[in-house]
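Encoded as C-alpha cells, the structure appears first; notes follow it.
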Amino acid sequence: MLVDIQNLRVSFATRTGTFEAVRGVSFKIGTEKLGIVGESGSGKSLTARALMRLLPPNARIDADRLNFDGTDILKADERTMRGIRGKRAGFILQDPKYSLNPVMTIGRQVAESWRQHKGGSRKQALEAAVDLLDQVRIRDPRRVCDLYPHEVSGGMGQRVMIAMMLAPDPALLIADEPTSALDATVQAEILRLMEDLVSKRGMGLILISHDLPLVSHFCDRVAVMYAGHVMEELSAGTLAQAKHPYTKGLLNCLPSLTHPKPRLPVLTRDAAWLQS
Amino acid sequence: MTKRLNALAGLLASVGLTLLGLVIITFLIGRVMPIDPIIAAVGDNAPQEVVERARLEMGLDQPILMQFFHYVVQLLHGDLGRSILTKNPVISDIARYFPATLELATAAVIVAAIIGIPLGVWAAVRQGTWIDQTIRVVCLAGHSVPVFVLALISLLVFYAALGIAPGPGRQDIVFQDMVPHITGVLTIDSIIAGDWDALWDALAHMVQPVCILAYFSMAYITRMTRAFMLDALRGEYVITARAKGLSPFSVIWIHAFPNVGVQLVTVLALTYAGLLEGAVVTETVFSWPGLGQYLTVSLMNADMNPVMGATLLVGLVYVGLNLLADAVYRQLDPRVR
Ligand SMILES: Nc1ncnc2c1ncn2[C@@H]1O[C@H](COP(=O)(O)OP(=O)(O)OP(=O)(O)O)[C@@H](O)[C@H]1O
Ligand SMILES: [Mg+2]
C-alpha cells in the first residue's frame with residue numbers, strides 16, 4: 001500500500017476558534033490512479049498537501065493513520081520528509097506561471113530536482129534534464145533548458161513541472177488541478193502525457209480536479225469530496241450508478257450535447273450529508 | 001538590435017532630461033534663496049560702488065536666461081565658482097571633502113548590507129517568533145534614537161572612558177599629510193603608499209562613525225528585506241522547491257532570495273545615495289571633514305557657490321546610482337531584460 005489515510009483532519013486556528021477544513025478523510029491507494037473531485041474549498045488541496053506535510057504553518061494535522069509507503073508521516077522528522085518529498089512522491093501544482101521559479105532557468109530547475117536525490121555532477125544533471133524534457137515531449141529540449149519560465153507557454157510550463165517531479169523516479173505523483181490554468185485544447189494533452197508516464201513507470205497517481213467526467217476518464221477510482229468529507233468513493237466505470245445525491249448532482253450539472261437541457265439544474269446541498 | 005538601440009536612446013534622453021532638470025534646480029537654488037549673493041561676497045558694509053562693481057562682475061545685471069546660459073557654460077568647463085569662505089575653487093574643495101564622505105558611506109553601506117540582509121531574511125523565516133521580535137526591537141531602536149545621542153554616547157564610552165577608540169577626526173595628528181594625496185580616500189591612499197600604520201590609524205578612526213551610520217542604514221535594510229522575503233516566501237514556487245525535497249537553506253537562499261534581488265538593489269542604492277549626501281550630524285560629532293559639513297557650513301554662511309556645487313554633486317550621485325541599479329537588476333531579473 002502506497003498511501004494509507006485514516007480519518008485525516010486539517011484545522012486552522014482562527015481568531016474566532018478553530019476552523020476544520022478537512023474533517024475525517026480516509027482512502028488508500030497502491031499503484032493505481034485515484035481522482036479526487038469536489039467543489040472549491042472542499043479540502044482537496046489540503047488533503048494532498050497534508051500527505052507531503054506541506055501545509056501552511058498555521059495548519060494542524062490529525063489522523064488515526066497517515067502512512068506513505070510504510071512511513072508514518074505524522075511522526076516522521078523533517079529529514080525523513082525531505083527524503084519523501086520529490087524522491088518518493090512528486091507534487092504538481094496548478095499554475096506553472098507561479099509554481100516555477102521565475103528567476104531560474106528551466107534547465108537548472110529540472111537538473112536541481114534530479115541532482116538533489118541522485119547526486120552526480122552539474123553536467124550530468126543537466127544532461128539528465130535534457131533527457132527528461134525530451135520524455136515529456138518537449139521539442140528542442142536543449143534550447144528550452146536555457147529559457148526562463150516566463151518565456152514558455154502554460155502547457156510547456158506544466159510539461160516542465162512534470163519532468164521536474166518525475167526526475168528522481170518517485171513512486172507516487174500528486175497533481176493538484178494540473179490543467180485548470182491551461183487552455184482547454186492542451187488540457188487533455190497534458191493529462192494524457194501524465195497518465196502515460198505514470199502507467200509506463202508503474203507509479204501511483206492522485207489527480208485532483210473539479211471536473212468529474214475528466215477525472216473519471218483518466219483514473220481508476222474517484223473520491224468525491226464535499227466540505228472536508230469524502231462523500232463517496234467509486235470506481236471510474238460505475239459513475240452512472242453513483243448513489244450519493246451530491247455526486248448525482250455534480251453529474252447532473254453537466255451540459256450535454258446529446259441530451260441538451262433547457263436550463264442546468266442548481267446543485268443542491270444538504271446539511272444532513274455531513275451527519276453520518 | 002534596433003530594440004536595444006531604441007532602449008539606449010530612451011535611456012540617454014531620460015538621463016539628459018534629468019540632468020537638465022538638476023542643473024535648473026541648482027541654478028534656481030542660487031537665485032531664489034533669500035540671500036543677496038553680492039552682499040555675501042563683498043560684506044555688509046561695502047560702499048555702494050563696490051557693490052555695483054561686484055554686481056556687474058557676477059553678471060547679475062543680465063536677464064535671468066542669460067545668467068542661466070553662463071552658468072551652464074561654466075559648468076561645462078568644470079567651473080563651479082569660488083567659495084567665499086575657503087577662498088578655493090569649489091571643485092577643489094569638493095575634491096577634498098567628498099572622498100571623506102565617500103569612504104564613510106561606502107564602508108557603512110557595506111556593513112549595513114552584510115548584517116541587515118541576513119537579519120531581514122532570518123526575521124522573515126522566523127516570522128512571529130521571539131527572533132523576529134528581537135530583530136524588530138533592534139531595528140526600531142536604530143530608527144528612533146537620534147544619531148547625536150548614539151554618537152556622543154559612543155565617544156563618551158569608547159574614547160573618553162575606555163580609551164579603546166581614537167578620538168574625532170579622520171587621522172591622528174602624527175599621520176597628518178604623511179601619505180600622498182591621490183584619491184583622497186585615506187584607506188586607499190595608505191594602501192597605495194604601503195603605509196600600514198597610516199592605514200590602521202585611518203581604519204580605527206572610521207570604526208565609530210561607520211558603526212553609527214551602518215546601524216541606521218541596517219535598520220532600514222533589515223525591515224525592507226524582511227518585508228520582501230515574507231512576500232517571496234508566500235510564492236507557489238517556494239512550495240515547489242519544498243516539494244522537491246530541498247533543504248530549508250536551499251529553499252530560502254537559492255529559490256526565495258534571488259527573487260527579492262531586484263527590490264533589494266533599489267533599497268541599497270537609495271541607502272547608499274542617502275549616505276553620500278553626507279551625514280551632517282555624524283560628521284559634526286566626529287569632526288569628519290565630509291560633504292555634509294561642507295554643505296552645512298557654506299549654507300549657514302550664505303556661501304552659495306559651494307551649496308550649488310554640492311547640490312549638483314549629490315544630484316549626480318543619485319542619477320548615477322539609479323543607472324547602476326537599473327543595470328544591475330537587468331542582470332538579476334530575466335523578466336526585465
Ligand atoms: N492557510 C489557511 N488558513 C485558513 N484557512 C485555509 C487556509 N488554506 C485553506 N483554508 C481553507 O480550507 C478550505 C479548503 O481549502 P483547499 O485549498 O483544500 O480547497 P480545495 O478543495 O483545494 O479548493 P480549490 O478547488 O479552490 O483549490 C477552504 O475553505 C479554505 O478557506
Ligand atoms: Mg485547491
Name the helices (runs of 4 or more DSSP H) wholly inside region B:163-269 in which the number of residues that are of a type in the set (D, E, K, R) and closer than 21 Å to B:ARG126 by Cα is 1 or more.
-> B:196-233, B:236-243
Within region A:34-51, is even one residue under 18 Å from B:LEU233 (Cα atoms), under 20 Å from the mean Cα position of the chain (by Cα), within 10 Å of chain B (Cβ to nearest Cβ) and within 14 Å of ligand 1 (Cβ to nearest atom)?
-> yes
Working only within region B:247-265, note down all residues that are more than 10 Å from every other protein chain (Cβ to nearest Cβ) and of a type outside the set (A, V, I, L, M, F, W, C).
-> B:GLN263
How about region A:168-184: which of its residues are open to solvent by 10 Å² or more (accessible area, probe 1.4 Å), outside any loop (DSSP other than H, G, I, E, B) and within 16 Å of ligand 2 (Cβ to nearest atom)?
-> A:ASP176
With respect to A:TYR246, determine if the residue is open to solvent by less than 30 Å² (accessible area, probe 1.4 Å) and at pLDDT below 85.
-> yes
When region A:81-128 is examined, which residues are found to be outside any helix (DSSP H, G or I), at the interface with chain B (Cβ under 7 Å from one of its Cβ atoms) and free of Cβ contacts under 8 Å to residues at least 40 places away in the same chain?
-> A:ARG85
Within region B:198-207, can one find any residue that is surrounded by fewer than 17 Cβ atoms within 10 Å (Cβ to Cβ) and in contact with a Ser or Thr (Cβ under 8 Å, 6 or more places away or on another chain)?
-> yes
Subset of region B:208-237, residues buried (at least 21 other Cβ atoms within 10 Å of the Cβ) and free of Cβ contacts under 8 Å to residues at least 24 places away in the same chain, comes to B:TYR237
B:MET66 is checked against (1) over 22 Å from B:VAL317 (Cα atoms); (2) outside any helix (DSSP H, G or I); (3) touching a Gly at 6+ places or on another chain (Cβ under 8 Å); (4) among the aliphatic types (A, V, I, L, M) and fails just one. What number does that condition carry?
-> (2)
May I ask you to list the residues in region A:161-207 that are in contact with a Ser or Thr (Cβ under 7 Å, 6 or more places away or on another chain) and within 16 Å of ligand 1 (Cβ to nearest atom)?
-> A:ASP176, A:GLU177, A:GLN187
Name the pairs: first residue in region A:161-172 and within 10 Å of another protein chain (Cβ to nearest Cβ), second residue among the hydroxyl-bearing types (Ser, Thr, Tyr) and open to solvent by 10 Å² or more (accessible area, probe 1.4 Å), Cβ to Cβ under 9 Å, at least 6 apart or on different chains?
-> none
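Over 30 Å from B:VAL262 (Cα atoms), touching a helix residue (DSSP H, G or I) at 6+ places or on another chain (Cβ under 8 Å) and open to solvent by 20 Å² or more (accessible area, probe 1.4 Å): is that true of A:ASP140 in this structure?
no
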Considering region A:208-228, residues that are in a loop (DSSP other than H, G, I, E, B) and within 15 Å of ligand 1 (Cβ to nearest atom), and then whichever is least open to solvent (accessible area, probe 1.4 Å), we arrive at A:GLY228
What residue, of A:LYS44, A:LYS87, is away from ligand 2 (no atom under 16 Å from the Cβ) and surrounded by 15 or more Cβ atoms within 10 Å (Cβ to Cβ)?
-> A:LYS87
From the list B:LEU85, B:LEU104, pick out the single residue that is in contact with a Pro (Cβ under 9 Å, 6 or more places away or on another chain), open to solvent by 60 Å² or more (accessible area, probe 1.4 Å) and aliphatic (A, V, I, L, M).
-> B:LEU85
Residue check, A:PRO56 against (1) facing chain B (nearest Cβ under 10 Å); (2) away from ligand 1 (no atom under 12 Å from the Cβ), all met but one. Which one?
-> (2)
Give the residue, chosen from A:GLY38, A:GLY70, A:GLY30, that is within 16 Å of ligand 2 (Cβ to nearest atom) and among the small types (Gly, Ala, Ser).
-> A:GLY38
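The values are calculated or read from the model by the stated rules, or taken from the named source; none is laboratory data. Only a predicted model underlies this, so the values are computations on that prediction, with no experimental measurement involved. Cβ atoms come from the backbone with ideal geometry, glycine included; neighbour counts cover every protein chain shown. We work out accessible area using only protein heavy atoms, side chains counted, and drop any ligands, DNA or RNA first. Shrake-Rupley method; radii C 1.70, N 1.55, O 1.52, S 1.80 Å.
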